[in-house]
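Read the structure below first, then the notes.
The values are calculated or read from the model by the stated rules, or taken from the named source; none is laboratory data. Just so you know, these numbers come straight off a predicted model, no measurement behind them. Cβ sites come from the backbone with ideal geometry, for glycine too, and all protein chains shown count toward neighbours. Areas reflect the complete protein model, heavy atoms only, side chains present, ligands, DNA and RNA absent. Shrake-Rupley method; radii C 1.70, N 1.55, O 1.52, S 1.80 Å.
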Amino acid sequence: MNTSTVEDVAARELIAFRVGAQEFCINIMTVREIRGWTMATVLPRAPKFVRGVINLRGAVLPIVDLAVRLGLPSAEPTARNVIIVAQVNNQQIGLLVDEVSDILTTNEKDIQAAPDVSSELVRSFVRGLLSLDERMISLISLDHLLAAPELEAA
Amino acid sequence: MDPMAAIRDVFFQECEEQLAELETGLLRMEDGADDPDTVNAVFRAVHSIKGGAGIFSLDALVRFAHVFETSLDGVRSKRIAVTPAVMKLLLRAADALADHVRAGREGVAAEPGKTAALVAEFAVLNAGPSAAAAPPAAVAAPVAAPPPPPAPVERIWNIEFKPLAVLYAKGNEAALLLRELGQLGRLELDLNTKSLPSLAEIEPEGAYLSWTARLHAECDEAAVRDVFDFVDGDCTLSISLQPAPVARPAAAEEAPEGFEFEFFPPSAESSESEPVSEPVAEVPEHHPAAPGPVEAMAAKAETSSAVSATIRVDLDRVDRLIDLVGELVINEAMLSQRVLEAGIARASGVAMALDELEHLTREIQDSVMAIRAQPVRSVFQRMPRLVREVAAQTGKQVRLLTEGEGTEVDKTVIERIADPLTHMIRNASDHGLESPAKRLAAGKPAEGVVRLTALHRSGRIVLEVADDGAGINRPRVKAIAVEKGLIAADAQLSDEEIDNLIFLPGFSTAAVISDISGRGVGMDVVRQSVTALGGRISISSRPGHGSTFTLSLPLTLAVLDGMVVSAAGHTLIIPLGTILETLQPRAKDVHALDNDLRVLALRGGYVPIVDVGLTLGYSDQRIETTQSVALLVEGEGRTKAVLLVDAIHGQRQVVIKSLEANYRAVPGIAAATVMGDGRVALILDVDAVVSGTRSDAPREPSLLEAR
């Protein structure tokens, strides 16, 4: 399900969320549900951004700490944190974020290309930028969320 | 999916079933069963495959099935005698038909050479002494092919017909049936109103009338019975021949349950009123005069009841249901815990209702798991062909006996035991049994027997493969093991230990490496796949009398008995099957081999110690031996190790959840499960952890990124 690319989101809805001080958004069609934070079971030898796994109605759901994944400062999650359950390439993944801030309806023309920077993280996740009332929201793709070079090293 | 493709899929699924039926039938015939039932079943199977194949224009398949069918028809009409040679040909044809079906499914052409030879053999068979071909009608409707009556003489049939209330309730009309009967010949009809109550007592929808008929006709009994075909079980019917006693069909006794065909006796009140007809009582069940229709009818009833008894369900749906029920079990446990926490008394209504709920959930879980359970028949049915092929290639005479085909086990287990079982059967026929000459010299019959048995024993399925061959040649096995450097030359081994050597990797005893088995990837692979299923394999052998391999497997792969432990503060499940014992280690028994590796002195030996928390990276500090509990476990290839954990919390059955579905395989972890508090707990992969102590595996946990 490669639905979070720029072409696909023409006149579609996006779900915006906050991680630390930054705002991000993903295609709402990839979101299966949103739920509160529960303690995750730590997986041995997992990369740092994998918080562990939780029970999602009988399925084992890995939790990705987006802050760690995107190289932002992270804190221990509290009950105020939110997990966005997203469908990525036939798998369901929980994204640990601070809060869900908005649901946006956008047109393709509102999305600006991400600036050409050298940052590996930006290049592998950020698909475009939206500006909304002086807020900058990055449209991110989840395709490479788990498949990261860091993992093979682990 | 394209609808035609879906139909095609169903066709091939049905083909598998028909082929299985064909094989079963042929084997029964080989055992000497020549009753029309079996022959008909075999014929029907081939005929159905042919019919379906025609729709999908699988011409090669249709042509071959047709030739096969023609011969079977010959067998059925007793034109072709069932000799062992013919049986062999038929069995080979069944194999070829299976090949054709497979080729059809994969869309490739079947080997023409093999088929051509068989077709030629069939041609010879079909052109046998009496060239009288069976009437085409018989081909179209195999079940309705009774042998014709000896001569068309007029006979007098005494028929007693008493409709039951249900006959009318189903909208049948007695008068129409009697009128139809009248068309067979001259009919004398007596109405019997004796059981008719007075108007005040009459039940409006009851049935009170019965008829006694005398039919003068040239027809046979089947024709008479056909008239009443649609009211089977809805009436009491008795048919007898007046002048000479002829078979009164005993289908009532033969019919399977749920098929109520009451031919006899006429109810007390009606017989009083009918002194004319004396139904012939207790005629032998299989009277030679008219076995056809009776047998055919019984067969028909059997197939129809089989059809209604099963439905095809997508496996995904069943799995979804199983998942949901697993979830229900967890939720129920969580609820119980909450109720307990709330301090509600055990005798209170809530707690009692909860007990009920728990009971119910367990029952639902058992029933749902039973849906996935299937008889091992599907695997067993592949074995006769295998044995035939091995026998043909090795020039041995092998007879396969199977027992307990109906034993049920989870579908995934069935799928995964097929390969090891194939290997074992092949081994038993190839290595286990001697050549006919050797057998005769040993005073045994030339034909060797391989026995395959399945049974349930204490919550597990036990599969046995036994042969009556020479048994394990222990001196040879030991010599080979020494030669291959698997054991020391001066090792002192018990008989049992020697037998178990054949499970070592790289071991093969066959003097001649054959195509069939014996490339040294034999029993160790079998053992590996069995252990992977959570099973165990053992062997017992008596020289001169044969060997028996015993496989014991869990009934399902969906649940597992585990020990709940904690390591470095994390809850883990250790599969119970791997745990040999638990012990409290004493500090003086622990010896350090080097910085990382410690061993525990245990009953004169030394067993490597694995600190679970450290190995999994949960902790970077070694656990204090005296503060820990040790579990002696056995991994793959009987490697033993001692696992150190914080504490043991108990034993429970857990539902296995895949980590790969949403994440990926995690080294050291076999799977996950959900505990009663709703949290995920990880199931330890004992093999991986134990093999981590060996030289080739990285021992330094800090190399692995721990969080």
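Taking all protein chains as shown and a probe of 1.4 angstrom, B:Trp211 keeps an accessible surface of around 40 Å².
Per-residue surface analysis assigns A:Leu132 an accessible area of about 60 Å², computed on protein heavy atoms at 1.4 Å probe radius.
Taking the centroid of alpha carbons for each part, segment A:66-137 and segment B:467-484 are 66 Å apart.
Can you pull the Kirkwood radius for segment B:553-612, inverse mean 1/r over Cα pairs, to one decimal in Å?
Values: mean 1/r = 0.0720 Å⁻¹.
Computed over Cα pairs of segment B:553-612, the Kirkwood hydrodynamic radius comes out at 13.9 Å.
Given a 1.4 angstrom probe, I'd like the percentage of the accessible area of segment B:559-705 that is carbon and sulfur, rounded to a whole number. List each step's numbers first, then the result.
Numbers: 3250 of 6720 Å².
That share works out to 48 percent.
Computed over the alpha-carbon pairs of segment B:569-670, the distance histogram in 10 Å steps reads 13, 45, 33, 8, 1 percent, short to long.
Buried by at least 10 Å² relative to the chain on its own: which residues of segment B:569-612 qualify, computing accessible area with a 1.4 Å probe on protein heavy atoms? Flagged in segment B:569-612: B:His570. For A:Arg32, nonlocal amide neighbours, meaning residues 5 or more places apart or on other chains whose placed amide H falls under 5 Å from its own, are A:Val85, A:Ala86, A:Gln87. The amide H of B:Thr236, built 1.01 Å from its N in the peptide plane, has B:Lys162, B:Leu164 as neighbours under 5 Å, considering only residues 5 or more places off or on other chains.
Computed over neighbours whose Cβ is under 15 Å from that of B:Leu184, the net charge equals -3, Lys and Arg +1, Asp and Glu -1.
Within the full protein context, the accessible area of B:Val313 is estimated at about 80 Å² for a probe radius of 1.4 Å.
Multiplying the residue separation of B:Arg586 and B:Arg622 by 0.36 nm and subtracting their alpha-carbon distance yields 11.4 nm.
In the P(r) worked out for chain A, what percent of Cα pairs fall beyond 24 Å? Intermediate results must be reported in sequence, preceding the final value.
Details: 3375 of 11781 pairs.
The answer is 29 percent, as a whole percent.
Derived from the Cα gyration tensor, the three semi-axes of the equivalent ellipsoid of segment B:3-140 are 24, 16, 14 Å, largest first.
Converting phi to 3J(HN,Hα) with the Karplus coefficients 6.51, -1.76 and 1.60 and the offset θ = phi - 60°, segment B:88-94 yields 4, 4, 5, 5, 5, 5, 4 Hz in sequence order, with x at every glycine or proline. Between B:Asp419 and B:Ala370, the modelled label-to-label distance comes to 3.2 nm, taking each label 7 Å out from Cα in the direction of the beta carbon.
Highest-first packing order for the peptide set B:475-481, B:78-84, B:641-647 is B:641-647, B:475-481, B:78-84, based on the mean count of other beta carbon atoms within 10 Å.
Considering only protein heavy atoms, what per residue accessible area in square angstrom results for segment B:315-364 with a 1.4 angstrom probe? Let's see the in-between values first.
On the way: 3460 Å² over 50 residues.
About 69 Å² of surface per residue is accessible.
Just counting partner chain Cβ atoms within 10 Å, what average do the residues of peptide B:659-670 show around their Cβ?
Values: counts 4, 2, 6, 14, 13, 7, 0, 7, 3, 3, 4, 0.
Taking the mean over all residues of the peptide, I get 5.
Sparse packing (at most 12 other Cβ atoms within 10 Å of the Cβ) combined with a DSSP loop state is found for the following GluC sites (Glu not before Pro) in segment B:161-221: B:Glu173, B:Glu201, B:Glu205.
When the residues B:Lys50, B:Lys484 are ordered by accessible surface, computed with a 1.4 Å probe over the protein chains alone, the sequence from largest down reads B:Lys484, B:Lys50. For a test of the definition: using alpha carbon positions, the gyration tensor, and the 1.5 limit on a/c, classify segment B:376-554 as rounded, prolate or oblate. Verdict is oblate for segment B:376-554.
Label zone of B:Leu504 (point 7 Å out along Cα→Cβ, amide N under 15 Å): in segment B:523-567 this covers B:523-525.
The Cα center of segment B:369-416 and the Cα center of segment B:18-71 differ in position by 20 Å. Against the empirical 2.2 N^0.38 Å (N residues), segment A:65-154 has a Cα radius of gyration ratio of 1.17. Which residues in segment A:110-131 place their backbone N less than 20 Å from a point set 7 Å from the Cα of B:Arg664 along the Cα-to-Cβ direction? It comes to A:120-126, nothing else.
Between chain B and chain A, the total buried accessible area stands at approximately 2600 Å², from heavy atoms with a 1.4 Å probe. In order along segment B:43-52, the Karplus-derived 3J(HN,Hα) couplings, from 6.51 cos²θ - 1.76 cosθ + 1.60 at θ = phi - 60°, round to 4, 4, 4, 5, 4, 5, 5, 4, x, x Hz, and Gly and Pro are given as x. Backbone phi angles across segment B:5-10, fed through the Karplus curve with coefficients 6.51, -1.76 and 1.60 (θ = phi - 60°), yield HN-Hα couplings of 4, 5, 5, 4, 4, 4 Hz in residue order; Gly and Pro are listed as x.
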